Structure formats: structure tokens, C-alpha cells
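All remarks here apply to the structure that follows.
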Amino acid sequence: MKVQAAVTHAQGQPFAIEEVRLAGPGPNEVLVRIVATGVCHTDAVGRDLGVSPYPVVLGHEGAGVIEQVGDNVTRLAAGDHVVLSFAHCGQCNNCLTGHPTVCSIFNDLNFGGQMEDQSWRLYQGETPLSTFFGQSSFSTHVVAHERNVVKVDPEVDLALLGPLGCGIQTGAGTVLNRLKPDFSSAIAVYGCGAVGLSAIMAARIAGCREIVAVDVHDSRLTLARELGATHAFNGKQVDVVAEIRATTEGGTHYAVETTGVPLVVRQCLQALRPRGLAAIVGVTPEMTLDVHNDLMAEGKGMIGVIEGDSVPRVFIPQLVELYKAGRFPFDKLVRFYDFKEINQAFEDSARGVTVKPILRIS
């Protein structure tokens, strides 16, 4: 079938909405009409750094309605409202033990450009286009494996839900699934974009006593306080480590680092109390770390967390229920854009104008 998709033809080029051909769903796959999709920093990385082969259709926070199911699909049906999340094999030890975010072939399935059976679903003429995260949701329609498709409550505005598939799931899951903070503990979140603010909302749900937000945009710090932060510090204006240590009587028990900035990574470790634990979720470049003073000497820990260590089919419906109950108001993070405004949405996200852009596709 012919669809409209935002194509990235070469590294760093702007998105171009063009006609492409989408092959129908194979066994265990579904065809989804995309209603809306989130814009994530990982999409900008895919556009600018070439993590997937070009040309590529990016997008990995899709939400839509199933129009067709392939052979062997029994869990989903035409008409279901769904959120699309990351691809995983479902068969390796990590997938089978509830950790599909570290699937043994995660990178191949999400960044390799082809589907799990090594075939292509997207074409322009005879030229295949890479698929991203097993979905490529910057398109009017997608084909995805049923494993990375999550059925959601049809009574909730579907256009809101796409970001639950990656960014919001990452922030909330890092706190609720991986760190699992003790009740009345202290946590600091570095970077108040969609991931960080989701972590702050999750920390409030978990019952953290002190929730410290760190960012360089006062507007985002204000929103962080609204969403549950008990303290907020602008990293350009104060000594973050000193302020956090003073505020939390010696440092936080936990930290979530979302920025990927080496200086901030070191700050998040230095502001931990002894035996504190930091979760790194930002895309961080090579950096120098004083392992003895920043980690070992005080028994601190640092871990990497992907996609919030979530099982999407379990965790995303839980987040939807929390949203319906008024305990996880992630709708306060979003701003909607028309599909044709995709390049503006990315620019606004990069400048900090919008926390979480969502593209209305259809």
C-alpha cells in the first residue's frame, strides 16, 4: 500500500514527507494506522548520527489503531487501540526472564533497518528504506511485530499515549522498575525533559521524601515542582552538589541522570550519599571518571538502564491507569504538532521550547 512517511535520506538532513510503499503484515505482524507519535531525542540521534542505515523512516513512539492482522496473531484484532514500543526477540534469556530491554539482539532489531525475518517493509521504487525500532512511526501506517504492540484502554485519548512507548516509559520505569526507591528516601533527577519529568512523577508515586530536580531552564524546573519535585536547582546558577548535599543531609540515596553531559554525570555521583545508586539513561559520550573518589571509596553504584527495564505489555497499561487516576499527569509535558510541522517540532524540542512534542499523523 502507498503511505505518507517522513523520510531521512542522509545524515543530518531534514525530514521530508514523501510517498513510500509499505508491504502488508506477515505472520505475527499487524498493520497499524498511526494516529499520533511522539518525538524523542533518539529520533534526533537517528537523523544526525546514522545509527540506522539511510534512507530511513524514523519514529518509535507510535500510537494508532490496528487495521489488519497477519497470520498467527491471536492477542490483537482489527480496531484495537495500541501503543508501539521497542522490538525484542522474545526468546533469549533476557526476554524470557522479564528484561526485554536488554534483548540479546536488541540493537539489530531496533537499529538494523530490517524486520526480524531480515526482510524490508518500506520502499521507494526499488530502494528499501530502513525500519526504526521495528515500527517507523513517522508514517501514516506501519507494520510491526505483535510483540512490540501494546493494547491500551480505548477510552483514553490515543493521541496522548505514543510517548509511553519510549521516553515516558524510560523515566518512570527507571524509578519504579529498576531503582525501586525505599519509601521516604531521597532522589535527584538530572535533566527535566520528558524522561526526567517522568522520573520525578514516578518518584512521587514511589513515596520518595525528597525529590530534587536539576536543569538549566527555569520553566522546566517550575514544571518539575508542579509534578512532584520538592527542590529544584538551576545548574547554571548554583553549586549543584553542595546544594543537594545540604538539602538532603549528606546526599541522595538515588539519582537518575538523563542529560548525557559528562560534567552532570559526575555531579550525580558526587551528590550521592555513601552506598547511593545512580541510574544513567542519557546517551553519554566517552568521559573520564574518578572511580575511587566518585564511586568505590563510598560504596556507590552506577548502572545503565534502557527503556526503564520495562516489559511494555505490562508497564504501559499500568501507566495509563495511573494517568486515569490523576497520579501520573504526563499530558502536562506535551504539545501537539501537525505531521507537516515535524522539522519545527524537532527544533522546538532541541531548544527546550517543548518538553515532549507529539505529531498528529491522522
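Between Thr8, Thr74, the distinction of being modelled with pLDDT under 95 and of a type outside the set (Phe, Trp, Tyr) belongs to Thr74 only. Within the range 337-346, which residues are in a helix (DSSP H, G or I) and surrounded by 14 or more Cβ atoms within 10 Å (Cβ to Cβ)? Hits for the range 337-346 are Phe339, Glu341, Ile342, Asn343, Gln344, Ala345, Phe346. When the residues of the range 41-60 are filtered to those that are touching a helix residue (DSSP H, G or I) at 6+ places or on another chain (Cβ under 7 Å) and within 18 Å of Thr140 (Cα to Cα), the one that is surrounded by the fewest Cβ atoms within 10 Å (Cβ to Cβ) is Val56. Checking each residue in the range 150-190 for being hydroxyl-bearing (Ser, Thr, Tyr) and either more than 25 Å from Val102 (Cα to Cα) or surrounded by fewer than 21 Cβ atoms within 10 Å (Cβ to Cβ) (or both) picks out Ser184, Ser185.
The residue of the range 37-74 that is farthest from Leu22 (Cα to Cα), among those that are small (Gly, Ala, Ser) and touching a Leu at 6+ places or on another chain (Cβ under 6 Å), is Gly46. Taken over the range 191-239, residues that are of a type in the set (Ser, Thr, Tyr) and buried (at least 24 other Cβ atoms within 10 Å of the Cβ) amount to 1.
Within the range 61-84, if we keep just the residues that are touching a Gly at 6+ places or on another chain (Cβ under 7 Å) and surrounded by 20 or more Cβ atoms within 10 Å (Cβ to Cβ), the residue that is nearest to Cys166 (Cα to Cα) turns out to be Glu61.
Kindly check whether there is at least one residue in the range 125-133 that is of a type in the set (S, T, N, Q), assigned to a loop (DSSP other than H, G, I, E, B) and crowded, with 24+ Cβ neighbours inside 10 Å. Checking the range 125-133: not a single residue is of a type in the set (S, T, N, Q), assigned to a loop (DSSP other than H, G, I, E, B) and crowded, with 24+ Cβ neighbours inside 10 Å. Checking each residue in the range 223-275 for being of a type in the set (Gly, Ala, Ser) and at negative phi picks out Ala224, Ala229, Ala232, Gly235, Ala242, Ala246, Ala255, Ala271.
Any residue in the range 161-172 that is more than 30 Å from Ser362 (Cα to Cα) and either more than 10 Å from the chain's Cα centre (by Cα) or outside the structural domain of Val265 (by TED's automatic domain parsing) (or both)? Taking every residue of the range 161-172 in turn, none turns out to be more than 30 Å from Ser362 (Cα to Cα) and either more than 10 Å from the chain's Cα centre (by Cα) or outside the structural domain of Val265 (by TED's automatic domain parsing) (or both). Highlighted here are the helices (runs of 4 or more DSSP H) found entirely within the range 252-336 that include at least 1 residues which are touching a residue at least 40 places away in the same chain (Cβ under 8 Å) and surrounded by 19 or more Cβ atoms within 10 Å (Cβ to Cβ): 262-270, 312-324.
Among the conditions (1) in contact with a Pro (Cβ under 7 Å, 6 or more places away or on another chain); (2) without any contact (Cβ under 8 Å) to a residue 40 or more places away in the chain, the only one that Leu129 does not satisfy is (2). The set of residues in the range 347-362 that are among the aliphatic types (A, V, I, L, M) and either in a strand (DSSP E or B) or more than 15 Å from the chain's Cα centre (by Cα) (or both) comprises Ala350, Val353, Ile358, Leu359, Ile361. Among the listed residues Pro329, Pro312, which satisfies the condition of being touching a strand residue (DSSP E or B) at 6+ places or on another chain (Cβ under 7 Å), at pLDDT 95 or above and more than 17 Å from Ile187 (Cβ to Cβ)? None of the other options fit; the residue is Pro312.
The values are calculated or read from the model by the stated rules, or taken from the named source; none is laboratory data. If you're wondering where the values come from, they're calculated on a predicted model, not measured in any experiment. With ideal geometry, Cβ positions are generated from the backbone for all residues, glycine too; neighbour counts draw on all protein chains shown.
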